[in-house]
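Participant: Sharing a structure here in structure tokens format.
The values are calculated or read from the model by the stated rules, or taken from the named source; none is laboratory data. Given the structure is predicted, the values throughout are model-derived calculations rather than measurements. Neighbour counts are summed over all protein chains in view; Cβ atoms, including those assigned to glycine, are modelled from backbone coordinates with ideal geometry. Note: accessible area is taken over every heavy atom of the protein model, side chains too, but ligands, DNA and RNA are not part of it. Shrake-Rupley method; radii C 1.70, N 1.55, O 1.52, S 1.80 Å.
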Amino acid sequence: MKKFAMAAVSGMTVAIVATTQIAPPLLAQDKARESSVYEQLDLFGDVFERIRGQYVEEVEPSELIEAAIDGMLTSLDPHSSYHPPEEADDLRVQTRGEFGGLGIEVTQEEGFVKVVTPMDDTPAYEAGVEAGDFITHVDGESVLGLTLDDAVQMMRGPVGSEIVITVVREGEPEPFDITIVRDTIKLTAVRARTESDTVVLRISAFNDQTYPNLEAGLAEEIEKASGLDNINGVVLDLRNNPGGLLLQAIKVSDAFLEEGEIVSTRGRNPGEGERYNAASGDLVEGKPIVVLVNGGSASASEIVAGALQDHRRAIVVGTKSFGKGSVQTVMPLRGDGSIRLTTARYYTPSGRSIQNLGISPDIVVHQPRVDPNAEDEDEPADTPRRSEADLRGTLDNDSLSEDEIRQIEEEREKAEKAAELRDEDYQLAYAIDILRGLAALGPEYRTTVMAAPADK
């Protein structure tokens, strides 16, 4: 018993010694850290007062404080920022899908403003701005060294006013100017149309209008086709879509999934993570889907593409996406301002992060650049040749009825119309060709193909 008692006492003694030896250094570290923070705040106060008292020109104290807050946030990552009251209002308007400006989503890289994507049917899009362009000057003034917010402020102006941006573009030997007239940007989040037997859903942004637009547009196209049986599949066109609201990306993904995880987010603390799962119900009842992405597809677009790809619900076609795998939360501040703060990373259902990597397409298809100065050849290589049907006195086809022949001719006409699309939009035509090919295989083969594991 004495041995056990001694062991117990020894154990308590060690515990007490350990506590007395470890706890004081930890407390000392906390106090030192807290003291260091207050010293840095005192340093900020000294700099603030010197600027107020000795700077060559008088500066509004509120402007200095706002600049300090903005600098603190922008030093964290390219997507965290401060929004004073007037900009906070603009941010709230953007999520509703209507705002003023050029119609480009931008980020900052190597000190210059980089275009993530021009938005559909906006002044920048019409003027020829492309994803990946670097903006080096605005109205002749360099943006090098400016914060992203300051550079964006230079591009703002009254509706109807003109702006000249200088652009550096990969493949172009010299920088060149693009003139744009500012306008009110009214985004239609989703445009629906039918090409051949395929419904094309062009999603240009993820705002409050996105899922309602998608649901209504899809239903309208299905009704025009006299039912879902007459549609061979859906193309979700997410090219040049800069993202937007996380909730809308989840709703769009859920529209085509019966079950399973859509996306998960992980914050600084393990307990702050969230998982979002699909509810039963597929708007197209299992019809094949092709998702189109490119370097301008970012954030919410990548969530949708990643979810459908991981569940083998869609074939992803195009080029590698932008690679923005972080979540920003808009937090209101006193005085009606707000901050946009990166609070989490998001992960696709398989647990992969796309941060800086992007979504890799299942089939890589580049969009050919069209040279407007190229001269048309006298005769295209695929000029139609004479066939048996053109010969005089040829025999009739006695195996088909007139209705069957008419149906074949209609299908041929659809195929030729789809082929014409390759000159206008090669990537979209490729996506439609995939769906036509799957439809030709039959439902049992489509199920096998769509369920096959990806070779990664």
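Participant: Name the residue that is surrounded by the fewest Cβ atoms within 10 Å (Cβ to Cβ), counting only residues in the range 80-97 that are at pLDDT below 85 and not in a helix (DSSP H, G or I).
Facilitator: PRO84
Participant: Next question, about the same structure. Answer yes or no as to whether ASN356 is out of contact with any Cys (no Cβ under 6 Å at 6 or more places or on another chain) and open to solvent by 50 Å² or more (accessible area, probe 1.4 Å).
Facilitator: Yes, satisfied.
Participant: Taking ASP282 as meeting all but one of (1) closer than 27 Å to ARG436 by Cβ; (2) touching a strand residue (DSSP E or B) at 6+ places or on another chain (Cβ under 8 Å); (3) of a type outside the set (Lys, Arg), write down the number of the exception.
Facilitator: Here ASP282 clears every test but (2).
Participant: Can you find, within the range 203-221, the residue that is surrounded by the fewest Cβ atoms within 10 Å (Cβ to Cβ) among those that are charged (D, E, K, R) and modelled with pLDDT of 95 or more?
Facilitator: Among those residues, the one meeting the criterion is GLU220.
Participant: Ok, one more. Is it the case that SER338 is of a type in the set (Ser, Thr, Tyr), at pLDDT below 90 and open to solvent by less than 10 Å² (accessible area, probe 1.4 Å)?
Facilitator: When the stated conditions are applied, SER338 passes them.
Participant: Within the range 139-153, can you find the residues that are of a type outside the set (D, E, K, R), part of a helix (DSSP H, G or I) and open to solvent by 50 Å² or more (accessible area, probe 1.4 Å)?
Facilitator: Listed by number, the list holds a single entry, GLN153.
Participant: Would a scan of the range 249-258 turn up a residue that is among the polar types (S, T, N, Q) and within 18 Å of ASN207 (Cβ to Cβ)?
Facilitator: Yes: one or more hits.
Participant: Within the range 351-382, how many residues are touching an Asp or Glu at 6+ places or on another chain (Cβ under 6 Å) and at pLDDT below 90?
Facilitator: Result for the range 351-382: 1.
Participant: Condition check: more than 23 Å from VAL235 (Cβ to Cβ) and either assigned to a strand (DSSP E or B) or open to solvent by 50 Å² or more (accessible area, probe 1.4 Å) (or both). Does GLU130 satisfy that?
Facilitator: Judged against the criteria, GLU130 is not a match.
Participant: Taking the range 287-327 as the region of interest, how many residues are open to solvent by 20 Å² or more (accessible area, probe 1.4 Å) and in contact with a Ser or Thr (Cβ under 8 Å, 6 or more places away or on another chain)?
Facilitator: Residues meeting the conditions: 7.
Participant: Any idea how many residues of the range 100-119 are open to solvent by less than 40 Å² (accessible area, probe 1.4 Å), under 17 Å from the mean Cα position of the chain (by Cα) and more than 17 Å from ASN294 (Cβ to Cβ)?
Facilitator: Selection size over the range 100-119: 1.
Participant: Cβ-Cβ distance below 7 Å, separation of 6 or more or different chains: which pairs start in the range 324-350 with a residue that is without any contact (Cβ under 8 Å) to a residue 12 or more places away in the chain and over 25 Å from SER253 (Cα atoms) and end on one that is hydroxyl-bearing (Ser, Thr, Tyr) and in a strand (DSSP E or B)?
Facilitator: Pairs found: MET331/SER338.
Participant: Free of Cβ contacts under 8 Å to residues at least 60 places away in the same chain, of a type outside the set (Gly, Ala, Ser) and on the phi < 0 side of the Ramachandran plot: is that true of LEU257 in this structure?
Facilitator: In short, yes.
Participant: Could you tell me which residue of the range 126-167 is nearest to the chain's Cα centre (by Cα), considering only residues that are among the small types (Gly, Ala, Ser) and at pLDDT 90 or above?
Facilitator: Per the criteria, the residue is GLY128.
Participant: Yes or no: GLY267 farther than 26 Å from THR122 by Cα, in contact with a strand residue (DSSP E or B) (Cβ under 8 Å, 6 or more places away or on another chain), buried (at least 22 other Cβ atoms within 10 Å of the Cβ) and not β-branched (Val, Ile, Thr)?
Facilitator: No, not satisfied.
Participant: Return only the number of the condition from (1) open to solvent by 60 Å² or more (accessible area, probe 1.4 Å); (2) outside any loop (DSSP other than H, G, I, E, B); (3) at pLDDT below 90 that GLU170 does not satisfy.
Facilitator: (2)
Participant: Then there is this: Filter the range 222-251 for residues that are closer than 16 Å to ARG275 by Cα, in contact with a helix residue (DSSP H, G or I) (Cβ under 7 Å, 6 or more places away or on another chain) and open to solvent by less than 40 Å² (accessible area, probe 1.4 Å) and give the result.
Facilitator: Passing the criteria: GLN248, ALA249.
Participant: While we're on this one: Return the only residue of THR179, THR198, THR136, THR122 being farther than 23 Å from GLU285 by Cα and buried (at least 19 other Cβ atoms within 10 Å of the Cβ).
Facilitator: Answer to the selection: THR122.
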